[in-house]
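Structure record follows, encoded as structure tokens.
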Amino acid sequence: MTFPAAFTDPAMRQRITLIAESFQRLLGRPLVEMQDEPIAALWNAPQAIVAHASGPDPIFFFGNKAALAAFETTFDEFAQLPSRLSAEAPLRDERQALLDRVSAHGFIDDYAGTRISAKGRRFRIENAVVWNLIDTEGLQHGQAATFSV
């Protein structure tokens, strides 16, 4: 599978690169091995990697191949999804508590929860790492997560 067309945009490439850079800064280790250029390394990683922007109802702007398979969707559909809708309604308060904890501490590496795919299939994620997307100037641009599928 080739990259989504959106990945050719320089601003988008910068946002995607921030996913790996923020992880490295906050956790002190690489998110993925960077044998390829960063976009390819994130896109092709075996673990799911997702990211959403900041704002009152953040929208996903990145999901790699593994994440799109788990959520049973295309990149174009995923990139329009408010991240709160990745959890079922009864679990959204739990999800918000997680995001609040990440905002306060920079990252967490012990998250587990149930998500729902675009086709309605429920799946469990465990040992997920969730972190703030922080640039070198300390500005927050959203949050990202990685988990095994």
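The values are calculated or read from the model by the stated rules, or taken from the named source; none is laboratory data. Here the structure is a predicted model, which means the values were calculated and not measured. Methodologically, a virtual Cβ is constructed for each residue, glycine included, from the backbone with ideal geometry; neighbour enumeration extends over all protein chains shown.
For (1) under 25 Å from E77 (Cβ atoms); (2) in a helix (DSSP H, G or I); (3) touching an Asp or Glu at 6+ places or on another chain (Cβ under 8 Å), each residue gets a yes or a no:
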{"position": "T2", "(1), (2), (3)": "yes, no, no"}
{"position": "R13", "(1), (2), (3)": "yes, yes, no"}
{"position": "A20", "(1), (2), (3)": "yes, yes, no"}
{"position": "R25", "(1), (2), (3)": "no, yes, no"}
{"position": "R29", "(1), (2), (3)": "no, no, no"}
{"position": "M34", "(1), (2), (3)": "no, no, no"}
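None of I108, I116, I125 is touching a helix residue (DSSP H, G or I) at 6+ places or on another chain (Cβ under 6 Å) and closer than 20 Å to I49 by Cβ except I108.
Taking the criterion of being of a type in the set (D, E, K, R) and part of a helix (DSSP H, G or I), the residues of region 47-98 that qualify are K65, D76, E77, R84, R92, D93, E94, R95. Looking at F71, F75, F3, just one residue is over 17 Å from A128 (Cα atoms), touching a residue at least 40 places away in the same chain (Cβ under 8 Å) and under 15 Å from the mean Cα position of the chain (by Cα), and that residue is F75.
Pairs under 8 Å by beta carbon, first residue under 15 Å from A51 (Cα atoms) and in contact (Cβ under 8 Å) with a residue 24 or more places away in the chain in region 15-41, partner surrounded by 13 or more Cβ atoms within 10 Å (Cβ to Cβ) and hydroxyl-bearing (S, T, Y), six or more apart or different chains? Taking only residues 6 or more apart or on different chains, the pairs are F23/T146; L31/T146; I39/T17. No other residue among L18, L85 is within 15 Å of the chain's Cα centre (by Cα) and surrounded by fewer than 19 Cβ atoms within 10 Å (Cβ to Cβ) apart from L85.
Each residue in region 108-134 was checked for being surrounded by 14 or more Cβ atoms within 10 Å (Cβ to Cβ) and closer than 22 Å to S22 by Cβ, and 12 of them qualify. Quick check: is even one residue across region 131-146 part of a helix (DSSP H, G or I) and within 25 Å of L26 (Cα to Cα)? No, region 131-146 has no match at all.
Go through the residues of region 61-82 one by one and say whether even a single one is touching a Leu at 6+ places or on another chain (Cβ under 9 Å) and at pLDDT below 95. No, there is no match, as no residue in region 61-82 is touching a Leu at 6+ places or on another chain (Cβ under 9 Å) and at pLDDT below 95.
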